Amino acid sequence: MTLYDRHRAVAPDWTALYYKDPIEITHGEGRRVWDADGKRYLDFFGGILTTMTAHALPEVTRAVSEQAARIVHSSTLYLNRPMVELAERVAALSGIPDARVFFTSSGTEANDTALLLATAYRRSSQVLAMRNSYHGRSFSAVGVTGNRAWSPTGLSPLQTLYVHGGVRTRGPFARLRDAEFIAACVEDLEDLLGHTHDVAALIAEPVQGVGGFTSPPDGLFAAFREVLDRHGALWISDEVQTGWGRTGDHFWGWQAHAASGPPDLLTFAKGIGNGMSIGGVVARAEIMNSLDANSISTFGGSPVTMAAGLANLTHLLEHDLQGNARRVGGLLIERLRALGAGVPAVREIRGRGLMIGVELVRPGTDDACPEAAAAVLEAAREGGLLIGKGGGHRTSVLRVAPPLSLTVAEAEEGAAILGEALSHA
Ligand code: PMP
């Protein structure tokens with residue numbers, strides 16, 4: 001039996017693997033990984049935007065092994081120095097005044113916590129989310145996920161209404177200019193709030209990740225914020241994919257809507273641990289402290305993950321990887337646009353920083369083409385490049401999101417492989 005056969009026999013059918021012949025990645029270095037057959041790839045997906053700085057970053061490896069040699073676990077019952085240090089740094093970076101930080105072990109759990117806080121604070125289980133959103137896999141996170149492909153149940157502990165705005169170039173407002181698009185979405189939100197009992201919060205990704213790297217025009221969430229404020233509803237920014245400078249222009253995705261000031265709650269995960277399981281939520285003390293019972297996460301904030309997070313964050317800031325994402329991401333999207341211009345199946349190439357989506361359609365139509373996306377993914381792999389895919393209910397957007405330390409030479413190399421894959425598929 002191959003490893004794939006054994007996987008199929010023992011793992012749930014709903015955990016999909018990439019590629020006709022799924023690969024086992026055995027090691028990595030920088031922006032490169034190797035599979036079990038020894039084939040080398042340029043990694044432009046970073047294990048779903050999670051290898052944020054680089055594979056085998058020496059500082060992170062050292063921090064993990066040194067902390068593991070001292071103590072792996074003590075629990076939340078005792079003081080934990082690396083946790084306090086990382087919380088202080090995240091609080092200061094968040095932009096949220098009087099910030100408190102709670103660590104979890106995943107993005108799902110971070111959003112779950114944010115929803116728990118917002119609904120408890122507002123004494124309402126009515127929430128708003130964006131169409132085409134993804135917020136995680138738990139019962140509550142699925143209840144705010146507006147993407148049928150990732151929503152295995154319609155049952156929910158929350159009442160959720162979905163608003164427009166996350167998808168710029170599809171849907172009823174797609175043809176409007178930016179300012180009109182924002183105005184239409186705000187009108188939709190106002191209308192909805194007028195028909196709804198007290199809304200606890202709106203949860204939104206500044207750039208939708210799983211949804212195919214789509215985003216509203218800058219400023220939409222600032223305009224939303226003004227309406228939400230009037231109704232006392234909180235704003236939760238899900239920065240699980242957009243945080244830590246990935247979008248190049250900003251450290252957090254919400255800053256593209258900066259006129260609003262920071263969100264009430266911010267959730268993060270993925271990149272901060274560079275693969276170690278760190279998630280978390282930041283909120284003003286007044287909101288964070290609104291729970292009137294005990295709550296802990298046994299593994300949230302565990303010393304080894306926190307040591308990794310600290311080393312990773314220090315490296316990111318000291319090497320200005322946000323600036324690198326802006327510069328190298330700008331070059332990469334330019335190259336991809338030039339290569340994609342001659343390919344009839346390419347509908348749109350969008351994104352910012354190192355978060356780039358290539359949307360594919362059946363040539364001559366506006367219909368999503370998941371077959372083309374699968375074929376390009378496969379061809380890129382053959383060429384030695386790993387990318388991801390996503391998008392709406394029919395997965396037809398290629399997702400390009402390398403580690404933020406990507407070099408210009410690697411960007412050129414990856415773009416050439418992807419261009420080749422696009423033209424063949
Ligand atoms: N929010 C967003 C925006 C995500 O992209 C994801 C993961 N794809 C999650 C939440 C859930 O994170 P996790 O898989 O760590 O639970």
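Observations
- Heavy-atom accessible surface of region 271-425: percent carbon and sulfur, 1.4 Å: 52 percent
- For the chain, the share of DSSP beta bridges that are antiparallel, to the nearest 5, is 65%.
- Annotation: for a label point projected 7 angstrom from Cα along Cα→Cβ of Ala338, residues of region 408-425 with backbone N closer than 15 Å are 408-420.
- Neighbour cut-off at most 14 other Cβ (10 Å), DSSP loop, GluC sites (Glu not before Pro), region 1-79: Glu24
- For the chain, size of Cβ-based charge dipole, Lys and Arg +1, Asp and Glu -1, in debye: 320 debye
- Subtracting the Cα-Cα distance of Asn289 and Ala16 from their residue separation scaled by 0.36 nm leaves 94.4 nm.
- Between Phe139 and Ala258, the simple spin-label model (points 7 angstrom out along Cα→Cβ) gives 4.2 nm.
- Estimated at 0.36 nm per residue, the fully extended path between His393 and Asp188 surpasses their Cα-Cα distance by 71.6 nm.
- Residue range of the chain that is longest and free of chymotrypsin sites (Phe, Trp or Tyr not before Pro) which are both DSSP loop and sparsely packed (at most 11 other C-beta within 10 Å): 79-425
- In region 284-401, Cα pairs under 8 Å separated by at least six residues give a relative contact order of 17 percent.
- Sites matching trypsin sites (Lys or Arg not before Pro) across region 145-237 that sit in DSSP coil, with at most 16 neighbouring C-beta atoms within 10 Å: Arg175, Arg177
- Rounded to the nearest 500, the helix-only mean residue ellipticity at 222 nm of the chain stands at -11500 deg cm²/dmol, with each DSSP H run of n ≥ 4 adding -39,500 (n - 2.57).
- Spatially proximal aspartates and glutamates relative to Lys20 (Cα-Cα < 13 Å; intrachain offsets below 8 disregarded): Asp5, Glu371, Glu378, Glu382
- Per-residue extension of 0.36 nm, minus the Cα-Cα distance of Glu413 and His73, leaves a gain of 118.2 nm for this segment.
- Net +/- balance of residues flanking Gly388 in space, Cβ distance below 12 Å, scoring K and R +1, D and E -1: +2
- In the context of the full set of protein chains, the chain has a per residue accessible area of 43 Å² (1.4 Å probe).
- The chain - percent relative contact order, Cα under 8 Å, separation 6 or more: 22 percent
- The trypsin sites (Lys or Arg not before Pro) of region 1-100 meeting both criteria, a DSSP state outside H, G, I, E and B (loop) and at most 11 other C-beta atoms within 10 angstrom of the site's C-beta, are Lys20.
- For region 71-100 versus region 260-306, the inter-centroid distance based on Cα atoms is 9 Å.
The values are calculated or read from the model by the stated rules, or taken from the named source; none is laboratory data. This structure is a prediction, so every number in the text was calculated from the model and none was measured. Cβ coordinates were reconstructed from backbone atoms using ideal geometry, including for glycine residues, and neighbour counts include every protein chain displayed. For the accessible areas, the whole protein counts, side chains as well, though only heavy atoms, and no ligand, DNA or RNA atoms are used. Shrake-Rupley method; radii C 1.70, N 1.55, O 1.52, S 1.80 Å.
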